[in-house]
1. Cα centroid distance between the stretch A:1-77 and the stretch B:36-104, in Å?
2. With every protein chain present, what accessible area does A:K68 have (1.4 Å probe, heavy atoms only), rounded to the nearest 10 Å²?
3. Which whole-number percent is the relative contact order of chain A (Cα, under 8 Å, 6+ apart)?
4. With θ set to phi - 60°, apply the Karplus curve 6.51 cos²θ - 1.76 cosθ + 1.60 along the stretch A:48-55 and write out the HN-Hα couplings as whole Hz, x wherever there is a Gly or Pro.
5. Using 0.36 nm per residue, how much length does the chain from B:K71 to B:T38 gain when fully extended, once their Cα-Cα distance is taken away?
6. Along the charge dipole of chain A, Cβ charges K/R +1 and D/E -1, which of A:S3, A:N75, A:V13 sits furthest on the positive end?
7. Let me check against my output: what whole-number percent is the relative contact order of chain B, with C-alpha pairs under 8 Å and at least 6 apart?
8. Using only the heavy atoms of the protein chains and a 1.4 Å probe, how would B:D24, B:D86 rank by accessible area, largest first?
Amino acid sequence: AQSVTQPDIHITVSEGASLELRCNYSYGATPYLFWYVQSPGQGLQLLLKYFSGDTLVQGIKGFEAEFKRSQSSFNLRKPSVHWSDAAEYFCAVGRNQAGTALIFGKGTTLSVSS
Amino acid sequence: DTGVSQNPRHKITKRGQNVTFRCDPISEHNRLYWYRQTLGQGPEFLTYFQNEAQLEKSRLLSDRFSAERPKGSFSTLEIQRTEQGDSAMYLCASSKTQGILNTEAFFGQGTRLTVV
């Protein structure tokens, strides 16, 4: 069955420290992978996406993610976290570029300490 | 372009009542999606439309749920005979397709339903 696993429910990092959020997927075909961020009271915002090609993708707000097919992973990274990055982050897999019928992970809540 | 708009933002209803939510997608977006998000979970796909045609429905969409997009613009999601288990955030998203090209899906802020 298709699924997305985000092993970390909650992560706290210090402002200025680096961040890595883990995502593992199970998908029978070529996956289209996405990372979304959700701030309180806000809709989901797309950070980045991977369809094909270079396995290291750059997104908005200084985020990047690396697709590793051998590990079925698509981990999100940021070299230096800002307090405004505190939010909930969702990894998702879809059947196509538009993300039709996305399958989301349960999310990782990021807290940033000063 | 004001983004995806959902109304109401919050709805409290008594068990057994019917509720209807509205979603206005970004103009010219021909695809519209409904998701449900419960506390501590990621969004779960419910259904999607391309123009006015409902192309896919999740098995999560029980017979009490119905979605429409009559003119290919706004969409409504109705839940009949609400149950406490229906309490969730209902998210709408839209995207634009042109041939084989697709934009990302843009999400609205959601409608939070509480069934008491």
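The values are calculated or read from the model by the stated rules, or taken from the named source; none is laboratory data. Note that the structure is a prediction, hence the values are computed from the model and not measured. Neighbour counts run over all protein chains shown; Cβ positions are idealised from the backbone, glycine included. Surface areas here come from the heavy atoms of the whole protein model, side chains and all, with no ligands, DNA or RNA. Shrake-Rupley method; radii C 1.70, N 1.55, O 1.52, S 1.80 Å.
1. 23
2. Result for A:K68: roughly 80 Å² accessible.
3. Computed over chain A, the figure is 37 percent.
4. 6, 8, 10, 10, 5, x, 3, 7
5. Full-extension gain reported as 8.9 nm.
6. A:S3
7. Here the relative contact order equals 36 percent.
8. From most accessible down to least: B:D24, B:D86.
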